Structure formats: structure tokens, C-alpha cells
Amino acid sequence: MASITPISQSQPLFNNTQFRHRKFNNNKNNMFFTNPNSRAFTGQSSSSSSANKNKKMVVMVSATTAAEKPKKRYPGEAKGFVEEMRFVAMKLHTRDQAKEGEKDSEGPPVAKWEPSVDGYLRFLVDSKLVYDTLEKIVQNASFPEYAEFRNTGLERSDSLAKDLEWFKEQGHTIPEPSTPGVSYANYLKELSKKDPQAFICHFYNIYFAHTAGGRMIGRKVAEKILNKKELEFYKWNGDLSQLLQNVRQKLNRVAENWTREEKNHCLEETEKSFKLSGDILRLILS
Ligand code: HEM
């Protein structure tokens, strides 16, 4: 998403059919084929004009002697893998959502949204299903590295349960989860068993998006339809920036054990994460 716009019309960032898994098992040394000419390496937007392409070429080649092979650098790499994930995610926002966004907006900006309580409830219910699923996955930890992400303080399942209880007390009927939430939850369950790099991409995007754009959306919706009531969904115990920093460090540590191909595979999953989250976000306007 990064938008409330039809995802199907967005340009895939990693659309090269040569990105294929070579091996697919529960071994953390999975290897994947990756095309080094892909945009994953260059960070080029598929919609860039050719004039812009050179400007946007973000792979850097470190200083080398004539005998050395040039070493490719990836945007954000020097700061750690989270910065690489963030770089890819920010480009998938529309220009009106975030200043680093590169996509054209096709729908109204959040400030112009006209949400309904029923639509917002559908969004909260489906979000809860996704957080319940993520939180169960890290508890069960089918890959040992998932256990790092237990009790980070970013969990949203309990806070969403309280919010839904509050809506019930106000006389609203809580709907059953709908297709966007059910599909995303099923997808995460499957992915988590067989593809830890892709799963971690969703984990990062879901929790971090919610603390950034998600909070802003929550504020705007509350102003319009909840008499500014701040839901538990948007409250964290403790210092949020410290919680985020702790999770960034854990993500960076986990990714230190990945090959470059595994890292690229993780980055390639970002677009799917935007699409599936966007489908849930759109429920607010349903
Ligand atoms: C209407 C929808 C959205 C809006 C308005 C929005 C807006 C924003 C804004 C303003 C930021 C902060 C930029 C900054 O640090 O300067 C941000 C960060 C981010 N967004 Fe979004 N966003 C939206 C949807 C999404 C979606 C669907 C995803 C992925 C599932 C996503 C992933 C992220 C990530 C990973 C960050 C970086 C957070 C961090 O560095 O801590 N966003 N977004």
C-alpha cells in the first residue's frame, strides 16, 4: 500500500522472475538465487525516468585497488539490516504519505478520509487476527531466531482485545474477521514455517508501520469518529522509541547470520507486506 490505493496498479519493486529459491527447508542456511542486476540491488524505482535513474542508483562501490573485486553496497547497509528494510519500505509509500515515498497517490490522503465506525471495527478485528497470529508464531518459534521476538513490548493483541471490548460496551457489534485479515494470517502461518527471511520482513513492517503511519491514521480516525478517544492499540507500556530500538538491534543481530541472498530475499518480500497490510487498512473506508 502504503496506500489506500489499488495495490494491483502499483509497480512491483522486485518483479524479476529470476528471484527464485534454490533450496527450501528448515535450515537457516537457505540459499536463494538472486539477480545482481535487480532493483533490489540498485534501489531504483521502476517508475523512475531514465534521467532520474542515475540519480537513484544507490549501489555504491567501495574504494578498491585494481586487484580487488569491487564490493557492492546496499542502501542502509552500513547502519544495519533494519535500515535496509526501512529504505525499501519507505520507497513503497506514496508521496503524500511520507516524504521518502515514491509512489503516485491514487486515493485521498489520510486527512481526507471519511471513515465509518463499522469499517474501523472491521480494520481492528482483522488487525487483531494478524497480531494474534504473529504473537503465536514467535511464541512457538518454529525457527529458533523467532524466539528473540517474544515479549518485545510491541505486542498489540491484548490492547486490541481491550479496544474491542470497549466498542462492545458502547453497543457496537464486533464483526467476525474478514477476508483481508484471514488471508494475511494464513499467509503468515505458512510463511513462518518455511521461509524465515520473508516472515521477518512481515514482522518488521507490521510492527514498525503501526508505530509510524498507523499511529497517525489512528489519531485522524479518532478525531473524526471517536471524539478523539485514544485506543489502547496506540498506547505502549514504556518508552516506545526504546522498545523500537531494542527490536531493531535484535533484527540486526538475526540478519547478521544471513547470506546476502537471504537478505535480498527478505527485502523482496516488502511489497507483499505492503499489499496485504494495505488490504486490511482499506477496511477503514469500507
Ligand atoms: C496510509 C498509509 C500509510 C501512511 C500514511 C504511512 C506513513 C508513514 C510515515 C509518515 C512514516 C514515517 C517516515 C519517517 O520516519 O520520516 C512511515 C514509516 C514507515 N512505514 Fe508507513 N505509512 C503507511 C502505510 C504503511 C504500510 C502499509 C507499511 C507496510 C506494511 C508501512 C511501513 C512503514 C515502515 C516500515 C516505516 C518505517 C518505520 C520506522 O522507521 O520506524 N507503512 N510511514
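The values are calculated or read from the model by the stated rules, or taken from the named source; none is laboratory data. Please read these numbers as outputs of a predicted model, since none were measured by experiment. We place every Cβ from the backbone using ideal geometry, glycine too, and count neighbours over all the protein chains shown.
Set side by side, the residues 228, 263 differ, and just one is closer than 19 Å to residue 144 by Cβ and either in contact (Cβ under 8 Å) with a residue 24 or more places away in the chain or not in a helix (DSSP H, G or I) (or both), which is 263. Among the candidates 224, 229, the residue that is surrounded by fewer than 22 Cβ atoms within 10 Å (Cβ to Cβ), touching a Pro at 6+ places or on another chain (Cβ under 8 Å), modelled with pLDDT of 95 or more and of a type outside the set (Gly, Ala, Ser) is uniquely 224.
Inspect all residues belonging to region 178-193 and state whether any of them is free of Cβ contacts under 8 Å to residues at least 24 places away in the same chain, within 18 Å of residue 126 (Cβ to Cβ) and within 11 Å of the ligand (Cβ to nearest atom). No, region 178-193 contains no residue that is free of Cβ contacts under 8 Å to residues at least 24 places away in the same chain, within 18 Å of residue 126 (Cβ to Cβ) and within 11 Å of the ligand (Cβ to nearest atom).
Residue 198 meets all of the listed conditions (1) of a type outside the set (Ser, Thr, Tyr); (2) within 13 Å of the ligand (Cβ to nearest atom); (3) touching a residue at least 24 places away in the same chain (Cβ under 8 Å) but one, namely (2). Scan region 132-142 and tell me whether some residue there is among the basic types (Lys, Arg), assigned to a helix (DSSP H, G or I) and farther than 30 Å from residue 261 by Cα. No, there is no match, as no residue in region 132-142 is among the basic types (Lys, Arg), assigned to a helix (DSSP H, G or I) and farther than 30 Å from residue 261 by Cα. When region 82-122 is limited to residues that are among the basic types (Lys, Arg) and not in a loop (DSSP other than H, G, I, E, B), the one that is farthest from the ligand (Cβ to nearest atom) turns out to be 122. Taken as a whole, the condition of being hydrophobic (A, V, I, L, M, F, W, C), away from the ligand (no atom under 16 Å from the Cβ) and not in a loop (DSSP other than H, G, I, E, B) applies to residue 254. If the condition is being within 7 Å of the ligand (Cβ to nearest atom) and under 17 Å from residue 125 (Cα atoms), then region 215-232 contributes only 217. Being among the acidic types (Asp, Glu) and assigned to a helix (DSSP H, G or I) is true of residue 190.
Consider region 249-280. How many of its residues are closer than 21 Å to residue 152 by Cα and in contact with a Gly (Cβ under 7 Å, 6 or more places away or on another chain)? Of the residues in region 249-280, 1 are closer than 21 Å to residue 152 by Cα and in contact with a Gly (Cβ under 7 Å, 6 or more places away or on another chain).
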